[in-house]
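**Q** Please see the structure below; I have some questions.
The values are calculated or read from the model by the stated rules, or taken from the named source; none is laboratory data. Bear in mind the structure is a predicted one, so any value in this text is a computation, not a measurement. Neighbour counts run over all protein chains shown; Cβ positions are idealised from the backbone, glycine included.
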Amino acid sequence: MAETKARVARPLSPHIQIYRFMLTYVMSGFHRVTGAALYFGMLLVVWWLVAAASGPNAYAKVQWFMGTAIGRLVLLGFTWGLIHHTLGGIRHLIWDTLHGFGPSEREWLARATLAGSISLTLVVAIAAYLVVGGGR
Amino acid sequence: MDSKQLSMKTPLGRVRGSGSARSGTHHFWQQRLTSFAGVPLTIAFIVIVIALLGRNHAATVQILGSPLVAIVMLLFIITMVYHMCLGMQEIIVDYVHGDLIKFLALMGNTCFGVVLALASIYAILKLSFGV
């Protein structure tokens, strides 16, 4: 049965580049990308906790890094990713109940996820600036 | 002779575990369970972090080590590390196809999660008990 080993050039299903741009598939991609980013972003949370447990010197290093421009940008990105992935997850939980699959519903859900994640990130960022500006 | 008639296994027993995933809906269910639990825990985590922003080390240790905050942080870390490892496992099996590299990536994924969870749990308990 040697011929069964020969590779047959089977047709492959087309990938995303042939489809018309749609917000829903972009949001699907965002969900996975933010999930993967948060996976590595969790290192920051662990660094923060271990530093707090280690002592004032280690904790000062974390505080210094989070105060730099890059640190604040990373924190802003982490915050947006966390909120976006959470809202995207709620969208998936709604879909698990077999609701929200209609053409207008899924479009509305995708827009709401994006609008919600951006506005909530701004709220958190403003709250953070108010807290830090409070002079602790 | 049809082997089906000779087997004492039930039809369900014969097919169980022989799908490409080797298991049923366990992965899916764990993912949903941790995402459901993750919603309130994530909100709590964000509130805790904002409350700790800009505080010095002593104040941070006092707040992070207080029972309610520590328990919520432990729940957040354990839930999220499990959730993210399930998610990364899905990404790996989607995109990594070589057998050796795939198993190495899956092992690395598990090790990454265990190290992160253990380090965080140790840190939170140390903050709580002040050893």
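**Q** Is it true that A:Trp64 is more than 12 Å from every other protein chain (Cβ to nearest Cβ) and either surrounded by fewer than 18 Cβ atoms within 10 Å (Cβ to Cβ) or β-branched (Val, Ile, Thr) (or both)?
**A** The answer is yes for A:Trp64.
**Q** Among the residues of the range B:101-131 satisfying the criterion of being hydroxyl-bearing (Ser, Thr, Tyr) and buried (at least 17 other Cβ atoms within 10 Å of the Cβ), which is nearest to the other protein chains (Cβ to nearest Cβ)?
**A** B:Ser120
**Q** Could you say whether any residue in the range A:12-29 is surrounded by fewer than 17 Cβ atoms within 10 Å (Cβ to Cβ), at the interface with another protein chain (Cβ under 10 Å from one of its Cβ atoms) and part of a helix (DSSP H, G or I)?
**A** To start, the set of residues in the range A:12-29 that are surrounded by fewer than 17 Cβ atoms within 10 Å (Cβ to Cβ) comprises A:12-26, A:28-29.
Now narrow it down to the ones that are at the interface with another protein chain (Cβ under 10 Å from one of its Cβ atoms): none.
Checking the range A:12-29: not a single residue is surrounded by fewer than 17 Cβ atoms within 10 Å (Cβ to Cβ), at the interface with another protein chain (Cβ under 10 Å from one of its Cβ atoms) and part of a helix (DSSP H, G or I).
**Q** If you take the residues of the range A:77-106 that are among the charged types (D, E, K, R) and under 20 Å from A:Thr34 (Cβ atoms), which of them is nearest to the other protein chains (Cβ to nearest Cβ)?
**A** A:Asp96
**Q** Whether any residue in the range B:18-30 is surrounded by 18 or more Cβ atoms within 10 Å (Cβ to Cβ) and either more than 8 Å from chain A (Cβ to nearest Cβ) or without any contact (Cβ under 8 Å) to a residue 12 or more places away in the chain (or both) is what I want to check.
**A** The answer is no, given that none of the residues of the range B:18-30 is surrounded by 18 or more Cβ atoms within 10 Å (Cβ to Cβ) and either more than 8 Å from chain A (Cβ to nearest Cβ) or without any contact (Cβ under 8 Å) to a residue 12 or more places away in the chain (or both).
**Q** Starting from the range A:54-74, take each residue that is touching a residue at least 40 places away in the same chain (Cβ under 8 Å) and list its partners that are part of a helix (DSSP H, G or I) and of a type in the set (Phe, Trp, Tyr), counting only C-beta distances under 9 angstrom and pairs at least six apart or across chains.
**A** none
**Q** Pairs only if they're at least six apart or on different chains, beta carbon under 7 angstrom, first in the range B:47-70 and of a type in the set (Lys, Arg), second buried (at least 16 other Cβ atoms within 10 Å of the Cβ); list them, first residue then second.
**A** Hits for this filter: zero, empty list.
**Q** Please pick out the residue among A:Val62, A:Val132 that is of a type outside the set (Gly, Ala, Ser), closer than 27 Å to B:Leu118 by Cβ and assigned to a helix (DSSP H, G or I). If you could, list the steps in order and put the result at the bottom.
**A** Values: A:Val132 fails: closer than 27 Å to B:Leu118 by Cβ.
Matching residue, one of A:Val62, A:Val132: A:Val62.
**Q** Across the range B:1-13, what is the total count of residues that are assigned to a helix (DSSP H, G or I) and at pLDDT below 80? Lay out the reasoning, then the answer.
**A** At the first step, the residues of the range B:1-13 found to be assigned to a helix (DSSP H, G or I) are B:3-6, B:11-13.
If we keep only those that are at pLDDT below 80 as well, we get B:3-6.
The total comes to 4.
**Q** Answer yes if at least one residue in the range B:90-100 is of a type in the set (A, V, I, L, M, F, W, C), surrounded by 13 or more Cβ atoms within 10 Å (Cβ to Cβ) and within 24 Å of B:Val49 (Cα to Cα), and no otherwise.
**A** no
**Q** Could you tell me whether the range B:83-103 includes any residue that is touching a Gly at 6+ places or on another chain (Cβ under 9 Å), more than 30 Å from B:Thr25 (Cα to Cα), of a type outside the set (D, E, K, R) and assigned to a helix (DSSP H, G or I)?
**A** Taking every residue of the range B:83-103 in turn, none turns out to be touching a Gly at 6+ places or on another chain (Cβ under 9 Å), more than 30 Å from B:Thr25 (Cα to Cα), of a type outside the set (D, E, K, R) and assigned to a helix (DSSP H, G or I).
**Q** Within the range B:60-82, count every residue that is more than 8 Å from every other protein chain (Cβ to nearest Cβ) and part of a helix (DSSP H, G or I).
**A** The number of residues fulfilling the criteria is 14.
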